Amino acid sequence: SHLELPEDVLRTVMMKHQRFFPFSKPNGKVAPFFAAISNNFVKDLDIVRKGYQQVLNGRLQDARYFWDADRKVPLLEHAQGLSGILFHRQLGTIADKVNRIRRATISVSEVLGLSVAEKRQLEAVLPVYRSDLSTEMVAEHPDLEGTMAKKYALVEGFEEDIAEILEEGVLPKGPMSRLPTNNVSALLAVMDRLDTLTGFFSIGLAPTGSADPYGLRRAAVGVVRVLNTHGWEVPL
């Protein structure tokens, strides 16, 4: 029954939280099996096996609860919950940040010459951009930000291209992470990071030496990677 959950949720719970190895079927889908490694030598491995199964079952039951609870609320309502999540005490809430990103993306979309279709996509995405941050699933599993926005959007009936932008708009998540594939998601990703960079630098919280508690170098590298990929000829 746990296989009814999105595969990204299953893999995240097994790999990130339990350090288990999920198995896949020949078609790539998650199989109802996992492997675990223990450095304890015991006479009865069944005891260890059952312990692992019990722990994973509990984790996945929690994930099922989050999945069911989050889908009862539309993304637009989840977006309203961003006003209760602090980004930084001097820079406001996540809702404040998203409002800044909204104004910036609309302005820069004109500079980039986005097509009419792309501007419509942007208008559809902006009201629910990063809305999954206020969901219970992402609160428990932060690595799933963007991924859950896409899942919930599809369940809610959003068009697939809009759901895809919601997922890609928070990319890249790391130095080796995949990048946004279209202009709209790339624009969101860049403006989000530029808001972070200009915000923290404006209040005197630039990185110093090896100290970078707000991940500003990572944000800057993300901007550079996206710009290099999309080749926008716009002064940074």
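The values are calculated or read from the model by the stated rules, or taken from the named source; none is laboratory data. The structure displayed is predicted, hence computed values, not measured ones. Backbone-built Cβ (ideal geometry, glycine too); neighbour counts: all protein chains shown. Remember, those area values only see protein heavy atoms, side chains included, never the ligands or the DNA or RNA. Shrake-Rupley method; radii C 1.70, N 1.55, O 1.52, S 1.80 Å.
Residue under question is K72, and the condition is that it be outside any helix (DSSP H, G or I), under 24 Å from the mean Cα position of the chain (by Cα) and under 30 Å from I101 (Cβ atoms); does it hold?
Spelling it out, K72 is indeed outside any helix (DSSP H, G or I), under 24 Å from the mean Cα position of the chain (by Cα) and under 30 Å from I101 (Cβ atoms).
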Item to check | Search result, residues across segment 153-162 that are of a type outside the set (V, I, T), farther than 10 Å from V128 by Cβ and in a helix (DSSP H, G or I) | outcome: L154, E160, D161
Item to check | Residue that is surrounded by the most Cβ atoms within 10 Å (Cβ to Cβ), among those in segment 6-22 that are out of contact with any strand residue (DSSP E or B) (no Cβ under 8 Å at 6 or more places or on another chain) and more than 16 Å from Q54 (Cα to Cα) | outcome: V9
Checklist entry - If we keep just the residues of segment 195-216 that are within 14 Å of L91 (Cα to Cα) and polar (S, T, N, Q), which is least open to solvent (accessible area, probe 1.4 Å)? => result T196
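Residues that are assigned to a helix (DSSP H, G or I), open to solvent by 40 Å² or more (accessible area, probe 1.4 Å) and over 23 Å from V9 (Cβ atoms): does segment 181-194 have at least one? Can you show your working first?
Going residue by residue through segment 181-194, those that are assigned to a helix (DSSP H, G or I) are 183-194.
Adding the requirement that they be open to solvent by 40 Å² or more (accessible area, probe 1.4 Å) leaves 183, 194.
Filter once more, keeping what is over 23 Å from V9 (Cβ atoms): 183, 194.
Checked against the condition, which is being assigned to a helix (DSSP H, G or I), open to solvent by 40 Å² or more (accessible area, probe 1.4 Å) and over 23 Å from V9 (Cβ atoms), segment 181-194 yields at least one hit.
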Checklist entry - Which one of these does R120 not meet: (1) assigned to a helix (DSSP H, G or I); (2) in contact with a Lys or Arg (Cβ under 9 Å, 6 or more places away or on another chain); (3) surrounded by fewer than 14 Cβ atoms within 10 Å (Cβ to Cβ)? => result (2)
Checklist entry - Out of curiosity, is D44 more than 21 Å from the chain's Cα centre (by Cα), of a type in the set (D, E) and farther than 30 Å from D192 by Cα? => result yes
